[in-house]
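Asker: Please see the structure below; I have some questions.
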Protein chains: 2
Amino acid sequence: MVELSRLGSARATGVGEILQLLRDGTPRTRSEIMEITGLSRSTVSARVDTLVGLGLVGPAGEAASSGGRPPARIAFLPSSRIVLAIDLGATHGTVGVTNLAGTLLDHTTAQLDIAAGPEAVLDWATETGRELLRASGRPAGDLIGVGVGVPGPVEHSTGRPVNPPIMPGWDRFDIPARLGRAFDVPVLVDNDVNILALGEHATAWPDADDLVFVKVSTGIGAGVVAGGTLQRGAQGSAGDLGHVHVPWHPGSTRPADDDRDLESIASGPAIAALLRDRGVDAHASADVVALVRHGNREALDLVREAGREIGAVLASIVNLLNPSVIVVGGSISRAGEQLIAGVRETVYRRSIPLATQHLSIVQSRSDETAGVTGAAIMVIQAVLDTADAWDLVPSSTITTTSPTGGQR
Amino acid sequence: MVELSRLGSARATGVGEILQLLRDGTPRTRSEIMEITGLSRSTVSARVDTLVGLGLVGPAGEAASSGGRPPARIAFLPSSRIVLAIDLGATHGTVGVTNLAGTLLDHTTAQLDIAAGPEAVLDWATETGRELLRASGRPAGDLIGVGVGVPGPVEHSTGRPVNPPIMPGWDRFDIPARLGRAFDVPVLVDNDVNILALGEHATAWPDADDLVFVKVSTGIGAGVVAGGTLQRGAQGSAGDLGHVHVPWHPGSTRPADDDRDLESIASGPAIAALLRDRGVDAHASADVVALVRHGNREALDLVREAGREIGAVLASIVNLLNPSVIVVGGSISRAGEQLIAGVRETVYRRSIPLATQHLSIVQSRSDETAGVTGAAIMVIQAVLDTADAWDLVPSSTITTTSPTGGQR
């Protein structure tokens, strides 16, 4: 199995700086790279040659010349490598292949039961991944990593789920070891909400340094981007919005003394329970979504109230972290405008004006492939941000690259 | 005035990487620097020469040799430059001089009234700073920057206070322009709580990547370090714990329907008001501190209850950010163990086990000079982390450096 720890701890040196510079898509001449990085001509030359040899960058047209032979421009080649991304939910799984820009090239979705346990589920994911890689026609050496999202808490540094409530049999299961044996590349694992936050941040809000993504469905969780970086906290448990304690308060429709956490007040199942109290037949998030879509008055009201309760917790977070964007996702948010309207109501009422004057509270743009896109972006960021990780790329890939370094 | 914006936005290139490497105090040979940075021999040589020329690094004994002349080790010289730090409170001001390790070399404290306005207060700070610099015997070129902490919200990017409640006349006052005219170096300004968080993080918890500092005195505020970086948020208002809304709850001693923010429940003046309700003569934080120190039962109980209320808000933050350390500071925390005992009570009860199992909740180690130390560290981090900032150091300093680059 490939040593995962090297990905996280390696110092960004060598080719990394140049790769980072080129990742924005702007083609550059060697002189421009020298000027921007301050590296010497010989260092730039050697490193660009290494990157060309790896096939990660290649010639991209010519720059305007001051006379003589025009200097060649070099550009990042996002199609030079691929990523395998696995998004596991409670009742579904999606496996996809992306390029280094996170663009989804192919994917397969299936119904599955996460409670069937890691062996069965990862067998399916491995087999599906192998099929997609075969269908892509790409050599094995083109795969730089596997990203996995799971519906429960994960110790990101080891890739193991930790006491995941809806994943029986998965506690501390070594997902990277299992998938590393199958694919022989680094494997990164995180919870589904962090994965969605990464994807939403990278694709929809790349310039927002401070963003909070909230998922409201069977559970409630958040992914926190602060200072441009997804924050996982000291033990990787950051973003646990669902277990924030919400005391009973006079504005609430709950009975007094009914102290609970946010998930048991405002999640899909919690709303369904409140609907049953009112004689409406509802058991899961899907029932709530269906009722909202059919305009059921009780469901509309209760989803909005859930949004207010979530907004009250987010208001504290707005004061604490001063994000510029709050993105609300998950099945309950996709049912309609009620949830986000409730969120906006309390956030704008309860947060300080300086923190809300430029705050956007928006619905997630993500669809059912957002999970695989986010999982791929986790891998791309980890691998491209960490230059030494390129030592991990099997050396055979170098020989399969065409001498011109062109896109294959 | 020196362009402040260059400090924040300059790309870390050139000498910065080597300076960062040497800042941990470990002397290194040129070969070690080449190996760690991946830079070429000629680049390392040129950059080390630049740093020696600037007097920031110098020879530091010799490394064990494999034969022949032993290679020279190079070390960071923290005494090569100085920082002027100004800590302004509601009723006091401290001005200090530190070296590049943040060690306080000299300081002066005086009673002052922040409400006297920026002209009077900054005149005093300028005059006091000039006296300290004169007394230090250091040439003007040795000063690399001025750091300022003020008791109110600041737009960090411009260094201007924004609607500071206890600083009449200071709203949007251009502190960097005023002090830049006097000292001709970059001037960085932040609120007192961020300054204390930076100082506490750098001096007491340098290895904690996720730390929350809470100050409880006349107001309540937090400084949030996430992923190793002080988080200021999109508009610089992050850390506003005092305005987090705390609904009435059954466990509270407040009358029902008494909705308020945390500051009006648990700050020094709020505790004093509750004491007056109980017939105890108390008006300000200082009175509460005195009563606690004399063992007044009502004061002890109310401070502990304030700690519980603060802990309830911190519990949400623990779930959200999973810090490894919460540091509680400010005058009310220094009065005794009651505040932190109350904080611990609710944080450990209400946060998820994964987030609290390795969480330390500790009292601040800071004393009355913590503000100037933190303000100096803000400047040191900004200047040393940003290599291009060295273009800002007046070139005259190069000629005043001794040829051996030794510590002056």
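The values are calculated or read from the model by the stated rules, or taken from the named source; none is laboratory data. Note that the structure is a prediction, hence the values are computed from the model and not measured. Glycine also receives a Cβ, built like all others from the backbone with ideal geometry; neighbour counts cover every protein chain displayed. All accessible areas refer to the heavy atoms of the entire protein, side chains included, with ligands and DNA or RNA removed. Shrake-Rupley method; radii C 1.70, N 1.55, O 1.52, S 1.80 Å.
Asker: Determine the percent antiparallel among the DSSP beta bridges restricted to region B:206-363, to the nearest 5. Display every interim value, and only then the final one.
Answerer: On the way: 11 of 20 bridges.
Antiparallel bridges: around 55 percent, rounded to the nearest 5.
Asker: Could you give the dipole magnitude of region A:103-243 about its Cα centre, charging the beta-carbon of Lys and Arg +1 and that of Asp and Glu -1, in debye to the nearest 20? The partial results should precede the final answer.
Answerer: Working: 9 positive and 18 negative charges, 45 e Å.
Once rounded to the nearest 20, the dipole reads 220 debye.
Asker: List, shortest first and in nm to one decimal, how far the label point of B:Thr26 (7 Å from Cα along Cα→Cβ) is from its counterparts in the other copies.
Answerer: Ordered by increasing distance: 3.5 nm.
Asker: Determine the dipole magnitude for chain B: charges of +1 sit on the beta-carbon of Lys and Arg, -1 on that of Asp and Glu, nothing else is charged, the reference point is the Cα centre, and the result goes in debye to the nearest 20.
Answerer: 980
Asker: Looking at region B:299-332, which residues lose a minimum of 50 Å² of accessible area between their chain alone and all protein chains in place, measuring with a 1.4 Å probe and not counting ligands or nucleic acids?
Answerer: Residues passing the criterion (a loss of at least 50 Å², heavy atoms only) are B:Asn319, B:Leu320, B:Leu321, B:Asn322.
Asker: Please check: in the Gaussian network model of chain A (C-alpha springs, under 10 Å), which one of A:Val48, A:Val150, A:Val372 has the largest mean-square fluctuation.
Answerer: Residue with maximal mean-square fluctuation among A:Val48, A:Val150, A:Val372: A:Val48.
Asker: Also: Dipole magnitude of region A:206-363 about its Cα centre, charges +1 at Lys/Arg Cβ and -1 at Asp/Glu Cβ only, in debye to the nearest 20?
Answerer: Numbers: 14 positive and 18 negative charges, 50 e Å.
Its charge dipole is roughly 240 debye.
Asker: Give me the inter-chain shielding for B:37-49: mean count of other chain Cβ atoms within 10 Å, whole number please.
Answerer: So the per-residue partner count for this stretch is 3.
Asker: Here is a follow-up. Quick one: if you stick a label point 7 Å off each Cα along the C-beta vector at A:His283 and A:Glu131, how many nm between them?
Answerer: The two pseudo-label positions are separated by 3.0 nm.
Asker: Under a 1.4 Å probe, what is the accessible area of the protein assembly as shown per residue, stated in Å²?
Answerer: Value for the protein assembly as shown: 39 Å² per residue.
Asker: Here's a follow-up. DSSP H helices in chain B with Cα extent of 24 Å or more along the helix axis and mean Kyte-Doolittle hydropathy at least 0.5?
Answerer: Once both thresholds are applied, what remains is B:297-321.
Asker: For A:Ala46 and A:Asp123, what is the calculated FRET efficiency with R₀ set at 41 Å and r taken between the beta-carbons, to the nearest 0.05?
Answerer: With R0 = 41 Å, the Cβ-Cβ based efficiency is 0.40.
Asker: Tell me, what is the percent relative contact order of region B:206-363, built from C-alpha pairs under 8 Å that lie six or more residues apart?
Answerer: Computed value for region B:206-363: 24 percent relative contact order.
Asker: Carbon and sulfur: what percent of the protein assembly as shown's accessible surface (1.4 Å probe)?
Answerer: Roughly 50 percent, rounded to a whole number.
Asker: Starting from a label point 7 Å past Cα on the Cβ side, list the distances from A:Ser360 to the same position in the other copies, nm, shortest first.
Answerer: Result, one decimal in nm: 4.1.
Asker: Can you pull out the buried accessible area for chains A and B, both sides counted, probe 1.4 Å, rounded to the nearest 100 Å²?
Answerer: 4100
Asker: Given an 8 Å cut-off on Cα distances and at least 6 residues of separation, report the relative contact order of chain B as a percent.
Answerer: 20
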